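Data first, discussion second: the structure below is written as structure tokens.
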Amino acid sequence: MPELPEVETIARTLAPDVLGRDIARVEVFDPAAPQPNGATLAALVTGRRVERVGRRAKLLLLFLSSRPGGDVDYGGAVLAAHLRMTGRLIILLPGATTANTRVVFHLSDATRLAFADVRRFGTLHAFPVGVPGRGIETWPFYANLGPEPLEMTAREFRARLGGGRTRVKARLLDQSVIAGVGNIYADESLFRAGIRPDTPVDAIGPSGRDKLFTALVDVLRLAIAENGSSIRDYRDAHGDAGAFQNHFRAYGREGEACLVCGAAMRTMRVAGRTSTFCPNCQPVPDGKTR
DNA sequence: ATTTGTCCCTGCGGGC
DNA sequence: TGCCCGCAGGGACAAA
């Protein structure tokens, strides 16, 4: 579930509770969560200090300090969490527990950071910094990520959308093209741009691409400002829901009236995902759309 | 070379 | 009321 705005929100709400603390102990309840395994991950992160909290695509990143005095000072480590569909990163208050806890990081001041995940699709990866061949840049998923949509130019977006008969929504969801866009924000930006999800990218001209880029950036910024979208599982690091679901114009509105023209919203399957659109405001392209 | 389908896993809501 | 089916925000992989 968590897409770019949700992970961004988690990073922001997590930072005050973890920055400057050391990771004292890692408690693994589900051996499948840490990659490649709990012992390796724990060895990489234990004893390090959280120096920065960041996000790349849908990955939540904890940048950890070097470990002077250790056997080998690797110059730091990076912990990367991917929450997939139902993962959560939650700061546990003293005595509190949370359901479906898979890993708990015990920090130096008794702060506990829990990684919980009902469906267990989420993963945790840890990488050393400064060790050739072992850094996060060697992780194919990470290495292949496209640029951040909020850090790219319209010109770059127009080019990266590419050509061919690939459907535009599939291209938007391709993390190697643009990083961090998922089903919700793809549908929302296509609706705002007036482009059907199954439009071949070939049929979208420069002005259509600019419109789509503007819509995407707007939607992502608004969603970040609203602390993300909480459909069911998503919560920030303190367990609070986001509010952007109250601003959806397309996602989840099948059968409801289009907020622009009143037509009944419809769904279709694109790139293996349900896609909601307005048959009137997002028409089938007649050749080259401008 | 792309692109679609299947699978990972659990829970929930709708339909019967 | 209760059961069953389909579907859910993502991505890896196999196969067409």
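The values are calculated or read from the model by the stated rules, or taken from the named source; none is laboratory data. Bear in mind that the values here come from a model prediction, so they are computed numbers and not experimental data. With ideal geometry, Cβ positions are generated from the backbone for all residues, glycine too; neighbour counts draw on all protein chains shown. Quick note on the areas: whole protein, heavy atoms, side chains included, nothing else; ligands and nucleic acids left out. Shrake-Rupley method; radii C 1.70, N 1.55, O 1.52, S 1.80 Å.
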- Message: So in segment A:187-212, with the set limited to residues that are of a type in the set (D, E) and open to solvent by 10 Å² or more (accessible area, probe 1.4 Å), which one is nearest to DNA strand C (Cβ to nearest atom)?
- Response: A:D198
- Task: Output the qualifying pairs, or none if there are none: Cβ atoms under 8 angstrom, residues six or more apart or on different chains, first residue in segment A:165-182 and without any contact (Cβ under 8 Å) to a residue 60 or more places away in the chain and near DNA strand B (Cβ under 10 Å from one of its atoms), second residue open to solvent by 40 Å² or more (accessible area, probe 1.4 Å) and among the basic types (K, R).
- Result: A:V177/A:R160; A:V177/A:R171
- Message: I'm checking my understanding of the structure. Among residues of segment A:88-102 that are modelled with pLDDT of 95 or more and within 16 Å of DNA strand B (Cβ to nearest atom), which one is surrounded by the fewest Cβ atoms within 10 Å (Cβ to Cβ)?
- Response: A:T101
- Message: Yes or no: segment A:279-289 includes at least one residue that is open to solvent by 60 Å² or more (accessible area, probe 1.4 Å), away from DNA strand B (no atom under 16 Å from the Cβ), on the phi < 0 side of the Ramachandran plot and touching a Cys at 6+ places or on another chain (Cβ under 8 Å).
- Response: yes
- Quickly run through segment A:240-271 and pick out the residues that are within 16 Å of DNA strand B (Cβ to nearest atom), open to solvent by 50 Å² or more (accessible area, probe 1.4 Å) and of a type in the set (G, A, S). A:A241, A:G252, A:G255, A:A264
- Item | Total residues in segment A:111-125, condition open to solvent by less than 80 Å² (accessible area, probe 1.4 Å) and either away from DNA strand B (no atom under 13 Å from the Cβ) or not in a strand (DSSP E or B) (or both) | 8
- Hey, among A:A43, A:A99, which residue is within 16 Å of DNA strand C (Cβ to nearest atom), more than 26 Å from A:G180 (Cβ to Cβ) and aliphatic (A, V, I, L, M)? A:A99
- Message: If I ask for residues that are assigned to a helix (DSSP H, G or I) and touching a residue at least 40 places away in the same chain (Cβ under 8 Å), which ones from segment A:13-27 would you list?
- Response: A:T13, A:L14, A:D17, A:V18
- Name the residue, out of A:D218, A:D236, that is over 20 Å from A:G164 (Cβ atoms) and either touching a His at 6+ places or on another chain (Cβ under 7 Å) or in a helix (DSSP H, G or I) (or both). A:D218
- Item | Evaluation of A:A215 against (1) open to solvent by less than 60 Å² (accessible area, probe 1.4 Å); (2) touching a residue at least 40 places away in the same chain (Cβ under 8 Å); (3) more than 9 Å from DNA strand C (Cβ to nearest atom) (one fails), failing number | (2)
- Message: I'm told A:P132 meets every condition in (1) without any contact (Cβ under 8 Å) to a residue 12 or more places away in the chain; (2) not assigned by TED's automatic domain parsing to the domain that holds A:V50; (3) not hydrophobic (A, V, I, L, M, F, W, C) except one. Can you identify the failing condition by its number?
- Response: (2)
